[in-house]
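Enquirer: Let me give you the structure first, and then I'll get to my questions.
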Amino acid sequence: MMQIQTVLFILLAAIVALALVLFQYYYKTQRKGKLQVVLSFLRFLALFGTLLLLINPKFTSERYSLEKANLVLLTDNSTSITPEDKSQVISNLASLKNKASPLSEKFNIVNYNFGADLTDFDSLSLTEKSTNISKALSSLNEIYTGSNTAVVLFSDGNQTIGEDYEFYGKRQKFPIYPIVLGDTTKYDDILIRQVNTNKYAFLKNRFPVEVFISYEGQKDIDSELQILIDGKLTYKEKVSLTAKSNSKIINTQLEAGSVGIKNIKVIIAPLTNEKNKVNNEKLLALEVLDEKTNVAIISSILHPDIGALKKAIESNEQRLVSFYKPNIDLNKLEEVDVYILYQPDASFDRIYKQIQLRKSNSFTILGTYTDFNFINNIQKNYVIGTGYPIQEVFATLNNAFSKFDISDFSFEGFPPLLTNAGSVDVLGIGEPLLKMRVKGVEMNQALWTIAEEDVSKHAVLNGENLWKWRLHTYRKDQNFKNFDAILGKLILYLSTSKGKNRFVLDYDPIYNNSSETKIRATYFDETFSFDSNASIILKVADKTNSKSMEVPMLLKERYFEADLSNLSSGEYTFTATVAKENLSRSGSFSILDFDAEKQFSSSDYQKLQRLANSSKGKLYFHGQVESLIKDLEADPNYVPTQKSKQIVVPLIDFKFLLGLIIAALSLEWFIRKYNGLT
């Protein structure tokens, strides 16, 4: 459809073009004949085409389409689903996707699987070691936002990780129609819900173990809890539970008798005729160390940063933090491995002299209470610029930092620190971890830097209010991991005296299951620049049968990684070697045999019912798929809707019209010249 105004403009353009042609070729001229008609026609085409280009006429058209609702078939692909359930699910999916069914005319039907994450449907492997229903539903909300969608959920309702889907269901945008898988019968069952202990313990020290025991049943029962360390019975206790008093927490402390990784098995004796005995035991492990890193925070003022530092450093049980005033008896600092000097002033004179005498490592934090002139005079590792006003400084990560691996960390969006110091200039060997940004301008100055002096290492942070960084990390990630990890790596770096390390490994000594098993490596060349072309081979050996395998470590951004998720549970040793270099690192780790999906004896259909109710859906059981199909076919909320789309297109192609104008003018000029006309 074209507007009347545009049509009038086209008519006016034709009249103007015709008038100009008549004036140019027929007004006060004696020439007539076919040649005059051809030339005037060509001139008319050129003028009319030019005016059309200026008008650029368009017309609109309506296109209609039928939009169906989306029917998402979401299937639990975890190991808690039995092979019998699998065959039933496949049959149900075939019924729902039957192209001859009216359901296919009403819906666009799509399939997804889920375990820990949402994945495209390929086939049901039932190999996922964890279930996150809330994350799968959240992902569907993002994919189908703004559309008319219903979700059919095939699951037993047992979730092992993530946000509780029952509460998430209240925020769900689409109705959920759960189809219950698994056994809905309730059996008497005693189980270990959770076991809490430290990841590390120290030789000859006692470490806590906390065991949560639950009972599902109506009778009064008696059982026995046993804790075994490396197969030896270490602790046992009688447990009595009833239908009303159906849970108990047992706390005990065990002694770390020898160094190394200790496998701990917690067992609750099963009931008579208990169906699910897999959840009657838990396996875990901890590493016994023969020493602890002692960190001393020395300050003459009170500040929230001090508490944040203690929490972050002691998040690793290998480290112990103590607070001292500068006037502390120096004999009490003899066992200190790392000194943290918080906003030093002249009262720190004795502390600095002890650090220099012991050639100890330190971490100095500057701020608005710091005596910069004193620091510049008492040590010779760096010089602090003075005479600046108090200002806010933001952090920018130095990706070329090579003292330890920082590829996992980000300071994007972190709040500013306060300082009234200028630049911190290292006098010897140094390298900035963070650079400074002031009022949006990137400064070529260090905010957090490292200085080395012989065997001593010193870190300097130019700003206070470090506690805001830790709080920001929690607000962003719902945990303190980003902040605590980078501070932990700094303390680890300062607690050793090996200087630069060109080849660094990052791994956990204990993995709950094989899917988590990854080892990372960072390698620097002789100039301490990250070498992305390095070839690193990892050799892994099973301690039990001495079988070994070699895998290449693959480049991932600024680190190398080996994925060992194909390993079975057990104890392993490994050696990582840089090809064509005399560099290698060794270590050991354990993989625990734990499958959270095997902890359930029956489906949680009550929770699925509450999910259906909160999302305005409906619960169905195995044999009720035909009822689901009829309900969806009859539901008026999923009637296909006709949508119209208005399309505006130009009447004439721009390039074609321009070519026509050029051709008409060229042909007219050629004919005029050929016939001797001006």
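The values are calculated or read from the model by the stated rules, or taken from the named source; none is laboratory data. Everything numeric in this text was worked out from a predicted model, so none of it was measured. Here Cβ is always computed from backbone atoms with ideal geometry, including for glycine, and neighbour counts include all displayed protein chains.
Enquirer: Quick one: how many residues across region 81-109 are without any contact (Cβ under 8 Å) to a residue 12 or more places away in the chain and part of a loop (DSSP other than H, G, I, E, B)?
Expert: 3
Enquirer: Pull out all pairs, ordered by first then second residue, where Cβ-Cβ is under 8 Å, the residues are six or more apart or on different chains, the first lies in region 110-128 and is at positive phi, and the second is not β-branched (Val, Ile, Thr).
Expert: LEU126/ASN77; LEU126/SER78; LEU126/PRO83; LEU126/LYS86
Enquirer: I would also like to ask the following. Would you point out which residue out of LYS439, LYS489 is surrounded by 17 or more Cβ atoms within 10 Å (Cβ to Cβ) and either hydrophobic (A, V, I, L, M, F, W, C) or under 19 Å from ASN398 (Cα atoms) (or both)?
Expert: LYS489
Enquirer: If we keep just the residues of region 1-32 that are aliphatic (A, V, I, L, M) and touching a Lys or Arg at 6+ places or on another chain (Cβ under 9 Å), which is modelled with the lowest pLDDT?
Expert: Once the filter is applied, the top-ranked residue is MET2.
Yes/no matrix, rows are residues, columns are (1) touching a strand residue (DSSP E or B) at 6+ places or on another chain (Cβ under 9 Å); (2) more than 26 Å from ALA296 (Cα to Cα); (3) assigned by TED's automatic domain parsing to the domain that holds GLU335; (4) at pLDDT 90 or above:
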| residue | (1), (2), (3), (4) |
| --- | --- |
| THR364 | yes, no, yes, yes |
| TYR369 | yes, no, yes, yes |
| ILE375 | yes, no, yes, yes |
| LYS380 | yes, no, yes, no |
| THR386 | no, yes, yes, no |
| VAL393 | yes, yes, yes, yes |
| THR396 | yes, yes, yes, no |
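Enquirer: For region 217-263, how many residues meet the condition of being among the hydrophobic types (A, V, I, L, M, F, W, C), at pLDDT below 90 and surrounded by 15 or more Cβ atoms within 10 Å (Cβ to Cβ)?
Expert: Of the residues in region 217-263, 2 are among the hydrophobic types (A, V, I, L, M, F, W, C), at pLDDT below 90 and surrounded by 15 or more Cβ atoms within 10 Å (Cβ to Cβ).
Enquirer: Taking the condition modelled with pLDDT under 85 and either under 27 Å from the mean Cα position of the chain (by Cα) or surrounded by 14 or more Cβ atoms within 10 Å (Cβ to Cβ) (or both), does ASP183 pass?
Expert: yes
Enquirer: Next question. Condition first: part of a loop (DSSP other than H, G, I, E, B) and over 17 Å from ASP120 (Cβ atoms). Now tell me which residues in region 136-154 satisfy that.
Expert: Those that are part of a loop (DSSP other than H, G, I, E, B) and over 17 Å from ASP120 (Cβ atoms): THR145, GLY146, SER147, ASN148.
Enquirer: Please verify whether region 33-50 includes one or more residues that are modelled with pLDDT under 80, over 60 Å from the mean Cα position of the chain (by Cα) and not in a helix (DSSP H, G or I).
Expert: So far as region 33-50 goes, yes, one or more of its residues are modelled with pLDDT under 80, over 60 Å from the mean Cα position of the chain (by Cα) and not in a helix (DSSP H, G or I).
Enquirer: Right, something else. Could you list, in sequence order, all residues of region 345-400 that are within 14 Å of THR419 (Cβ to Cβ), in a loop (DSSP other than H, G, I, E, B) and touching a Leu at 6+ places or on another chain (Cβ under 9 Å)?
Expert: GLY367, THR368, ILE390
Enquirer: Check whether at least one residue in region 156-163 is part of a loop (DSSP other than H, G, I, E, B), among the hydroxyl-bearing types (Ser, Thr, Tyr) and under 36 Å from the mean Cα position of the chain (by Cα), and report yes or no.
Expert: Checked region 156-163: at least one residue is part of a loop (DSSP other than H, G, I, E, B), among the hydroxyl-bearing types (Ser, Thr, Tyr) and under 36 Å from the mean Cα position of the chain (by Cα).
Enquirer: Go over the candidates LYS489, LYS435, LYS457 one by one and state the one that is within 28 Å of ILE375 (Cβ to Cβ), part of a helix (DSSP H, G or I) and either assigned by TED's automatic domain parsing to the domain that holds SER529 or basic (Lys, Arg) (or both).
Expert: The conditions single out LYS489.
Enquirer: Here's something else I'd like to know. Out of (1) surrounded by 15 or more Cβ atoms within 10 Å (Cβ to Cβ); (2) of a type outside the set (Ser, Thr, Tyr); (3) outside the structural domain of LYS282 (by TED's automatic domain parsing), the odd one out for LYS170 is which?
Expert: Answer for LYS170: the failing condition is (1).
Enquirer: Related question: Just to be sure I understand, how many residues within region 58-92 are modelled with pLDDT under 85, within 18 Å of TYR144 (Cβ to Cβ) and either surrounded by 17 or more Cβ atoms within 10 Å (Cβ to Cβ) or touching a Gly at 6+ places or on another chain (Cβ under 8 Å) (or both)?
Expert: Within region 58-92, residues that are modelled with pLDDT under 85, within 18 Å of TYR144 (Cβ to Cβ) and either surrounded by 17 or more Cβ atoms within 10 Å (Cβ to Cβ) or touching a Gly at 6+ places or on another chain (Cβ under 8 Å) (or both) number 0.
Enquirer: Can you list residue pairs whose Cβ atoms sit under 9 Å apart, with the first residue in region 603-626 being farther than 19 Å from LYS170 by Cα and the second being outside any helix (DSSP H, G or I) and of a type in the set (Asp, Glu)? Count only pairs 6 or more apart in sequence or on different chains.
Expert: Partner pairs satisfying both residue conditions: SER603/ASP156; SER603/ASP183.
Enquirer: Next question, about the same structure. Output the residues belonging to region 75-110 that are within 26 Å of THR184 (Cα to Cα) and among the aliphatic types (A, V, I, L, M).
Expert: ILE81, VAL89, ILE90, LEU93, ALA94, LEU96 - these are the residues of region 75-110 that are within 26 Å of THR184 (Cα to Cα) and among the aliphatic types (A, V, I, L, M).
Enquirer: Sort out which residues of region 279-307 are within 30 Å of PHE212 (Cα to Cα) and of a type in the set (A, V, I, L, M), and write them in order of number.
Expert: Across region 279-307, the qualifying residues are LEU283, LEU284, ALA285, LEU286, VAL288, LEU289.
Enquirer: Could you grab me the full set of residues in region 322-338 that are within 11 Å of LYS292 (Cβ to Cβ) and surrounded by 15 or more Cβ atoms within 10 Å (Cβ to Cβ)?
Expert: Within region 322-338, just ASP337 meets the criteria.
Enquirer: For region 188-199, what are the residues that are surrounded by fewer than 16 Cβ atoms within 10 Å (Cβ to Cβ) and either modelled with pLDDT of 85 or more or not assigned by TED's automatic domain parsing to the domain that holds ALA243 (or both)?
Expert: ARG193, GLN194, ASN196
Enquirer: Return the only residue of ASP477, ASP506, ASP425 being at pLDDT below 90, acidic (Asp, Glu) and either surrounded by 16 or more Cβ atoms within 10 Å (Cβ to Cβ) or not assigned by TED's automatic domain parsing to the domain that holds ILE390 (or both).
Expert: None of the other options fit; the residue is ASP506.
Enquirer: So how many residues does region 183-221 have that are part of a strand (DSSP E or B) and more than 29 Å from SER80 (Cβ to Cβ)?
Expert: Residues that pass the stated criteria total 6.
Enquirer: While we're on this one: For region 241-331, give me every one of the strands (runs of 3 or more DSSP E) that falls completely inside it and has 3 or more residues that are free of Cβ contacts under 8 Å to residues at least 12 places away in the same chain and within 16 Å of LEU228 (Cβ to Cβ).
Expert: It comes to none.
Enquirer: Can you find a residue that is surrounded by fewer than 20 Cβ atoms within 10 Å (Cβ to Cβ), touching a helix residue (DSSP H, G or I) at 6+ places or on another chain (Cβ under 7 Å) and assigned by TED's automatic domain parsing to the domain that holds THR234 anywhere in region 300-307?
Expert: Within region 300-307 (the criterion being surrounded by fewer than 20 Cβ atoms within 10 Å (Cβ to Cβ), touching a helix residue (DSSP H, G or I) at 6+ places or on another chain (Cβ under 7 Å) and assigned by TED's automatic domain parsing to the domain that holds THR234), the answer is no, since none of the residues qualifies.
Enquirer: Looking at (1) under 29 Å from the mean Cα position of the chain (by Cα); (2) touching a residue at least 60 places away in the same chain (Cβ under 8 Å), which is the one condition that is false for ASN566?
Expert: The single condition ASN566 does not satisfy is (2).
Enquirer: In region 585-601, how many are modelled with pLDDT of 75 or more and exposed (fewer than 14 other Cβ atoms within 10 Å of the Cβ)?
Expert: Within region 585-601, residues that are modelled with pLDDT of 75 or more and exposed (fewer than 14 other Cβ atoms within 10 Å of the Cβ) number 2.
Enquirer: Among the residues of region 401-418, is there at least one that is farther than 30 Å from ASP477 by Cα and either outside any helix (DSSP H, G or I) or of a type in the set (S, T, N, Q) (or both)?
Expert: The answer is no, given that none of the residues of region 401-418 is farther than 30 Å from ASP477 by Cα and either outside any helix (DSSP H, G or I) or of a type in the set (S, T, N, Q) (or both).
Enquirer: Kindly evaluate TYR352 against the criterion of being hydroxyl-bearing (Ser, Thr, Tyr), more than 30 Å from GLU557 (Cα to Cα) and over 41 Å from the mean Cα position of the chain (by Cα).
Expert: Answer is yes for this residue.
Enquirer: Just a yes or no: is a residue in region 129-138 closer than 30 Å to ALA243 by Cα and loosely packed, with under 15 Cβ neighbours inside 10 Å?
Expert: no
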